[in-house]
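Reviewing the structure listed below.
The values are calculated or read from the model by the stated rules, or taken from the named source; none is laboratory data. Remember, it's a predicted structure, so these values are computed and weren't measured experimentally. Cβ atoms come from the backbone with ideal geometry, glycine included; neighbour counts cover every protein chain shown.
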Amino acid sequence: MKSCRFFSCAFGLIFLWIFSSSLQSQTSAPQWSETPGQSAYIDPTAGCWRGNLEGYTDKASVTQGQPLAFKVSVWKGGTNITPGAYKVRIYRVGRSTTSDSLVSTLTDSVTSSFQALHDSVGNPIYPWTSCGTTGPFPMEYRNGCNWPTAFTINVGSNWKSGFYYAQLARGSYTGRIPFVVKEDAPGATSKILYVLAWNTYQAYNYWGGGSLYWWTGFFDSPDRYASGLKVIRTVSLQRPFGLHYHWAGPDTVPQSHWFRFVDQLGQFDHRERDFINWAESNGYTMEYDVDYDLHDPSQGLGLLNNYKLVVFPGHSEYWSTNQRINVRNFKAGGGNLAFFAANNCYWKVNFQASDTKIFCDKESNSFWWRNDPNEGPESKLIGILFGGTNIYQGGQQIKNAVTQASHWIFSGTGLSNGDSIGYGLWNPYPDLSIDPLASGEADMRAAAGYHPPNIDSVYVLARVFIRNLFAGAPGIDPDAHYNDIYLPSNALYSEVAYHEDKVSNARVFAAGGHEWAPCLFGQDSTKMRTMTTNILEHFSFKKYRGNIYANLEWGNDPLETATILDGDTYILPSKTLTLTNNFLLTINTGITLYVQGTLVIGSGVTITGGGKIVTSGGLIKTESNTSLATAFNNSRKIARDANDVSLFTSQLVSRR
């Protein structure tokens, strides 16, 4: 359905989560507040809306030790546009579920001027000017801002990689300018890379007159579809984050779809923030980048290859060709991927104007990844693909039902097939409660005629049937949850999926719904957190179980010191697992490492635990000049042959 194609990704109702905790830190941070001129609901035609403190950085991400320039506009309200002073504080998100960390008190007095918007011929537009449908329409959404630098910070070499923001404060009013600090030596502190969906933030960003979701013809757009409908194909990355706007369909914009937007980066606050706060407060160290950092054709793959796991925590909908190729090659090299929201890698974008703008022509089939002749649908990479939008009315609670309870991702949850996961405190307004996992947009293995060839290799861990797309009305099918059926093209499911690349050994997890991160704080948070821990531990190689499909080396990096086998593991025939550099391998009690290929034990390696090694037609050997007595720590009677006969250390030596 053509209309579904163009508008399905636009709804994102859950995009508007408002993180309820006020910001507290070592010193109390000013609480975010609504800006004068912003009512509870925003007229979507009011393209001239302005905030009191607005700004952006010259680049989305910055390496430790490098400078970052901030561009700021100050509006005192009404017709007063004289320069104004404000305070600047730098905060980092993470390590706590209740507060952000104050990193730097930059200054108590920076003065900036008001920066006007401009129409299509360059005339200034002021906040009190009638605009939109009745006046000039601003072009900053496309042209970007050319504001002077208000202040510059030199990012400290000791600043942890992460999501940061400069909080500007003038009296009771605040503004927030986000940026990401990158690790100057990628992979030095963590083998987990956390990728923030900056392209998608900007695609939805309405500031300066429009977004890639503003094509209903209200404004003086220079672009039109072949049908004559006005459209936005290009948005600038050089602008503040502002209002976010959705509609119900191509021809109507009812007031029910005018949304409150108190903070200016709602998608981050709704998903990524939750994941960061949970992960870092539970001891996970992660390194951070934005999706543009994966775009570099010469260095993007090299960046990714420093990591074992790349996490896409939020709605990462807009990908460049280089980003897709680099992530695909990372996976082809054995890198693991985890997607904790839905509708990823859906629209293709091109970068323009020295990479300061993104271009996406949604009227052209070539900008829909499903029609790409080389990379193919998103499911070719992820395992599942976007199926449709789930908008529930009447407080209907949506619960994914477990279908593969024996899978290791469910270890420690106590879940059985048919049990529910991913449910929250349902409320139609996301800022008042936690939405269920399957809220918003839904991914599944096959949809609308797209049935990828690898569908049979994708494990559906949990599923909820949402509705028949052709019938339109939502409804729960009580039986469809539990049957591993081939999906009809007219049904919308949300499927939690997992698959393994049997060539590269890569593992891929996809949540199938938008709200995994908020559900870490929902009614079944304990189970959701246990599942997330399992994914992070196994995908980063802190733990392992299952097949080894490719030649692997554990311990070849300073951060790789130990792995726990917590499930039976098979080194498949003709494949080699090498343990090196004082690596510690723990095989839990009751667990077996089956050596059908080759196990190489390097210098200083210790193998311990109550499990066993079975040489099931394979070979155990050491590196040059390494005795098995050293390898097995000279104390463990752990290895066994194919007949389950214990192999003592002396026997292992004789078998070299």
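Regarding Q404, is this residue on the phi < 0 side of the Ramachandran plot and surrounded by fewer than 22 Cβ atoms within 10 Å (Cβ to Cβ)? Judged against the criteria, Q404 is a match.
Suppose the filter is more than 29 Å from C360 (Cα to Cα), surrounded by 22 or more Cβ atoms within 10 Å (Cβ to Cβ) and among the aliphatic types (A, V, I, L, M); does L106 pass it? Even if it seems obvious, please write down each step before you answer.
On the way: more than 29 Å from C360 (Cα to Cα): yes; surrounded by 22 or more Cβ atoms within 10 Å (Cβ to Cβ): no; among the aliphatic types (A, V, I, L, M): yes.
So L106 does not fit the description; no.
Taking the criterion of being part of a strand (DSSP E or B) and either free of Cβ contacts under 8 Å to residues at least 24 places away in the same chain or among the charged types (D, E, K, R) (or both), would at least one residue in the stretch 329-352 satisfy it? If you could, list the steps in order and put the result at the bottom.
Applying the first criterion (part of a strand (DSSP E or B)) to the stretch 329-352 yields 336-339, 347-352.
Imposing the further condition that a residue be either free of Cβ contacts under 8 Å to residues at least 24 places away in the same chain or among the charged types (D, E, K, R) (or both) reduces the set to 348.
Yes, that holds for at least one residue.
Scanning the stretch 155-170 for residues that are closer than 24 Å to T234 by Cβ and either within 29 Å of the chain's Cα centre (by Cα) or of a type in the set (G, A, S) (or both) turns up nothing. For the stretch 106-132, filtering for residues that are at pLDDT below 90 and closer than 17 Å to Q167 by Cβ leaves 4.
Among the residues of the stretch 49-105, write down those that are in a strand (DSSP E or B) and at pLDDT below 90. It would help to see each step written out before you state the result.
Filtering the stretch 49-105 down to residues in a strand (DSSP E or B) leaves 53-57, 61-63, 67-74, 84-92, 101-105.
Matches in the stretch 49-105: S101, L102, V103, S104, T105.
Just for the stretch 197-211: of the residues that are more than 15 Å from M139 (Cβ to Cβ) and in contact with a helix residue (DSSP H, G or I) (Cβ under 8 Å, 6 or more places away or on another chain), which one is modelled with the lowest pLDDT?
Keep residues of the stretch 197-211 that are more than 15 Å from M139 (Cβ to Cβ), which gives 197-204.
Next cut, in contact with a helix residue (DSSP H, G or I) (Cβ under 8 Å, 6 or more places away or on another chain) only: 197-201, 204.
Numbers: A197: 95, W198: 95, N199: 95, T200: 93, Y201: 91, Y204: 85.
Residue satisfying both the conditions and the ranking: Y204.
Any chance the stretch 442-458 includes a residue that's over 23 Å from R370 (Cβ atoms), at pLDDT below 85 and touching a strand residue (DSSP E or B) at 6+ places or on another chain (Cβ under 8 Å)? Checked the stretch 442-458: no residue is over 23 Å from R370 (Cβ atoms), at pLDDT below 85 and touching a strand residue (DSSP E or B) at 6+ places or on another chain (Cβ under 8 Å). Specify the residue that is surrounded by the most Cβ atoms within 10 Å (Cβ to Cβ); the eligible residues are those in the stretch 616-650 that are modelled with pLDDT of 85 or more and either touching a His at 6+ places or on another chain (Cβ under 6 Å) or in a strand (DSSP E or B) (or both). Among those residues, the one meeting the criterion is I620. Among the candidates T149, T174, the residue that is at pLDDT below 95 and either of a type outside the set (A, V, I, L, M) or crowded, with 20+ Cβ neighbours inside 10 Å (or both) is uniquely T174. With respect to (1) of a type in the set (G, A, S); (2) at pLDDT below 80; (3) surrounded by fewer than 24 Cβ atoms within 10 Å (Cβ to Cβ), the lone exception for G418 is condition (2).
Does N371 satisfy being within 30 Å of N143 (Cα to Cα) and at pLDDT 95 or above? First the steps, then the outcome.
On the way: within 30 Å of N143 (Cα to Cα): yes; at pLDDT 95 or above: no.
Spelling it out, it is not the case that N371 is within 30 Å of N143 (Cα to Cα) and at pLDDT 95 or above.
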